[in-house]
Amino acid sequence: MSVTTSKIAEKVSDDDYFDQLLRLSEASVHRRFDPFVDIDWNAPEHAIVPGDRRWILPTSDIVGGHSWYRSLPEEEQIAVGRWRIANIYKVGLQFESILIRGMTQYSFTVPNGSPEFRYCVHETAEECNHTMMFQEMINRIGLDVPGVSWWMRAISPIIPLAAGISPAIFFIGILAGEEPIDHTQKAMLRGDTSGIHPIALRVMEIHVAEEARHISFAHQFLQRRIVGMNPAGRFVMSLAFPIAMRWLVGEIMVPPRRFQQEFDIPDSVMDDIFWKSPESSKILRDMFSDVRMLAHNAGAMNPVSRLFWKAFRIDGGRSRFRSEPARGH
């Protein structure tokens, strides 16, 4: 074992890992949210009414910051914003559903006495609450949005099976879905939130708070697993990271074709937003700085995998710590 790998292995010893699982589990007991207790859905300020300017997308949103969107009349900005936000919630709901099924599949395989069982079930319960929260938002917005692409919906029953066959591959996929949403929501929360609809803001705050635990677990789980693999296994994982990130960021962040058709968005604008302009290319790269840090720390970054990161245009520097804000030069 190389010196670098030895140092990494020390960081993910069983004692440290299980202590962290206990802390995460205790946090799920004492610092948790219930969407029908912690959100006053019927508060007057939470009412969803036609023509509300608070559905105009902020400039921190990749669509909201584009010149095409900013040039639209106000009523069209509101319509596009409501549709996009509702569809993001639908995508989140569908992704959480896949995660729940996979976490249940994985927890079925762990031995008696494993601290992973308790944590995984805590996370599953929290994700169930997130799906209810997201669906309630969609219902109140009142738009019949599709969420992910039709073919992603078609293969969704198969994906959770990976949790029992190759848990590391499954959790890489989980990060590929969680990191873009978390990065986007944190960017919005770090900006000016005064123009965001308060019920959307509250949902975002709850989701970010609990996803911090879920992402922390996925990072530690993967680092411990991958460091313990043989060189061939680590090589496979090194390729799985960029492939999963690039595939799922498209499913999570890019609206379905119906969005473009409904609002008559030119192909050139869609290309510009996802991800061909310099601004959107930087956003794409910034989404995965934490994952690049994880891959490096787990010994899953090598000359071949770096070619994949670069080919997919998701290469770049790595975070110094998790959730480090993206900074300009």
_Filter pass, E262 being out of contact with any Cys (no Cβ under 8 Å at 6 or more places or on another chain) and either buried (at least 21 other Cβ atoms within 10 Å of the Cβ) or closer than 30 Å to D38 by Cβ (or both)_ = no
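Does E123 meet the test of being of a type in the set (D, E) and open to solvent by less than 10 Å² (accessible area, probe 1.4 Å)? So that I can check it myself, show each step before the final result.
On the way: of a type in the set (D, E): yes; open to solvent by less than 10 Å² (accessible area, probe 1.4 Å): yes.
When the stated conditions are applied, E123 passes them.
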*Looking at (1) crowded, with 20+ Cβ neighbours inside 10 Å; (2) without any contact (Cβ under 8 Å) to a residue 12 or more places away in the chain, which is the one condition that is false for I158?*
(1)
_Based on this model, can you work out whether M270 counts as out of contact with any Lys or Arg (no Cβ under 9 Å at 6 or more places or on another chain) and assigned to a helix (DSSP H, G or I)?_
yes
*Are any of the residues in segment 224-246 among the small types (G, A, S), farther than 30 Å from L72 by Cβ and either open to solvent by 60 Å² or more (accessible area, probe 1.4 Å) or at pLDDT below 95 (or both)?*
yes
*Of (1) in a helix (DSSP H, G or I); (2) open to solvent by 30 Å² or more (accessible area, probe 1.4 Å); (3) within 30 Å of H122 (Cβ to Cβ), R320 satisfies all except one. Which?*
(1)
_Here is a check on your reading of the model: is I62 more than 20 Å from E279 (Cα to Cα), in contact (Cβ under 8 Å) with a residue 60 or more places away in the chain, surrounded by 11 or more Cβ atoms within 10 Å (Cβ to Cβ) and among the hydrophobic types (A, V, I, L, M, F, W, C)?_
no
*So is R84 of a type in the set (K, R), over 30 Å from S13 (Cβ atoms), open to solvent by less than 30 Å² (accessible area, probe 1.4 Å) and under 18 Å from the mean Cα position of the chain (by Cα) or not?*
yes
*Report whether or not D144 is crowded, with 16+ Cβ neighbours inside 10 Å, among the acidic types (D, E) and farther than 30 Å from S25 by Cβ.*
no
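The values are calculated or read from the model by the stated rules, or taken from the named source; none is laboratory data. On a predicted model such as this, the values are computed, not experimentally measured, just so you know. Reconstructed Cβ throughout: ideal geometry from the backbone, glycine too, with neighbour counts over all protein chains shown. We work out accessible area using only protein heavy atoms, side chains counted, and drop any ligands, DNA or RNA first. Shrake-Rupley method; radii C 1.70, N 1.55, O 1.52, S 1.80 Å.
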